[in-house]
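For reference, the structure discussed in these notes is given below.
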Amino acid sequence: MRYQSTRPKRQFLAGVRCPKCQTLDAIVQVNIVTPKPDEYIECTQCDHSEHRPDPDAISAQNHAQDQLVRNAMTTGTSGTVKFKP
């Protein structure tokens with residue numbers, strides 16, 4: 001049987017800026033295995049933390065934005081500017 005630690009796995013992310021304080025190379029990705037698997041990032045400078053967004057929430061948000069663009073194109077209130085050659 002393979003030994004697995006119950007401590008959170010922490011890994012620095014190189015070249016990533018903190019969304020709050022904009023410090024470069026201060027973000028750590030934390031993976032928790034027990035009791036419930038979880039993954040998030042945190043800043044070592046300002047203690048800012050963010051959880052990974054839910055894929056279903058991202059899909060719903062993208063769908064809503066696409067629908068707004070489609071509605072705007074059909075009503076003619078806004079859209080893409082096309083230059084004629």
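The values are calculated or read from the model by the stated rules, or taken from the named source; none is laboratory data. Just so you know, these numbers come straight off a predicted model, no measurement behind them. Because the Cβ atoms are built from the backbone with ideal geometry, glycine has one as well, and the counts that use them run over all protein chains shown.
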Inset, instruction - Kindly check whether there is at least one residue in the range 40-59 that is small (Gly, Ala, Ser) and at pLDDT below 90. - result: yes
Legend entry - Matching residues, the range 37-67, being small (Gly, Ala, Ser) and over 14 Å from Phe12 (Cα atoms): Ala57, Ser59, Ala60, Ala64
Inset, instruction - Could you check Ala60 against (1) loosely packed, with under 10 Cβ neighbours inside 10 Å; (2) at negative phi and say which number it fails? - result: (1)
